[in-house]
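Worksheet: the structure to be examined is printed underneath.
The values are calculated or read from the model by the stated rules, or taken from the named source; none is laboratory data. Treat the numbers as computed from the prediction; the structure is a model and nothing was measured. Cβ placement follows ideal geometry from the backbone for every residue including glycine, while neighbour counts extend to all protein chains displayed.
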Amino acid sequence: MTNFPNVFIFDHPLIKHKVSILRDKNTSMKEFRELVEEITTIMTYESMKDVELVPVEVETPLEKTLQYRVADDSVAIVPILRAGLGMVNGVHRVFPTAKVGHIGMYRDEETLEPQEYYCKLPDGIADKTVFLVDPMLATGGSACDAIAALKARGCKKIKFMAIIAAPEGIEKLYHEHPDVPVYVSTLDRCLNENGYILPGLGDAGDRLFGTK
């Protein structure tokens with residue numbers, strides 16, 4: 001994947017350990033949900049290396065000192081519904097004050113093309129660093145359309161995060177939005193004929209929320 005300079009694949013022992021449990025079909029809904037949050041938190045630390053800081057004066061018990069903080073109200077989280085909801089708390093562990101928007105996308109079972117059915121975003125979204133999150137990057141259609149929807153509303157600082165990705169989705173995302181950094185914990189082998197990632201982990205939304 002070195003041909004895609006905007007793509008960052010994590011190679012961390014803790015993430016590998018947690019993903020192996022995430023994949024297991026016998027992992028419970030509760031543990032699955034907790035693992036998604038934990039992996040997201042680890043990824044958030046890494047993906048915020050270039051976040052903009054502002055200087056602040058802090059008074060310690062001994063003296064005043066110049067320090068740096070992430071600017072108030074400068075980060076937003078936008079999950080792609082519904083599976084993306086499982087990653088929100090993982091980002092909130094790092095930025096608990098981040099506002100949350102929602103983009104609803106569903107995949108047409110015949111064409112595999114994404115369809116937008118809902119979009120509600122925080123005020124001032126254009127000026128924020130936006131974490132667009134979805135556990136699975138399969139064909140890339142939903143991610144590309146969600147990024148396009150954010151750009152249409154003026155967003156300039158978008159970071160996309162997924163836990164499991166297929167090469168096909170990464171390639172599509174790069175060609176359509178090469179300016180958007182893509183953070184992926186694990187790169188899988190391919191998509192099957194139905195557009196599911198192999199080896200994957202099944203349907204992330206169903207496993208997060210106990211549906212079929």
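Odds and ends about this structure:
- Of all the listed residues (32, 8), the sole one being buried (at least 16 other Cβ atoms within 10 Å of the Cβ) and in a strand (DSSP E or B) is 8.
- Which numbered condition residue 100 fails, given (1) over 22 Å from residue 130 (Cα atoms); (2) within 13 Å of the chain's Cα centre (by Cα): (1)
- Residue match in the stretch 145-156 (condition: crowded, with 22+ Cβ neighbours inside 10 Å, under 26 Å from residue 22 (Cα atoms) and in contact (Cβ under 8 Å) with a residue 60 or more places away in the chain): yes
- Boolean, residue 38 is surrounded by fewer than 19 Cβ atoms within 10 Å (Cβ to Cβ), touching a residue at least 40 places away in the same chain (Cβ under 8 Å), of a type in the set (Asp, Glu) and under 30 Å from residue 202 (Cβ atoms): yes
- So residue 101, is it touching a Ser or Thr at 6+ places or on another chain (Cβ under 7 Å), among the small types (Gly, Ala, Ser) and surrounded by 13 or more Cβ atoms within 10 Å (Cβ to Cβ): no
- Looking across the stretch 75-94 at every residue that is over 21 Å from residue 205 (Cβ atoms) and touching a strand residue (DSSP E or B) at 6+ places or on another chain (Cβ under 6 Å), the one that is modelled with the lowest pLDDT is identified as 75.
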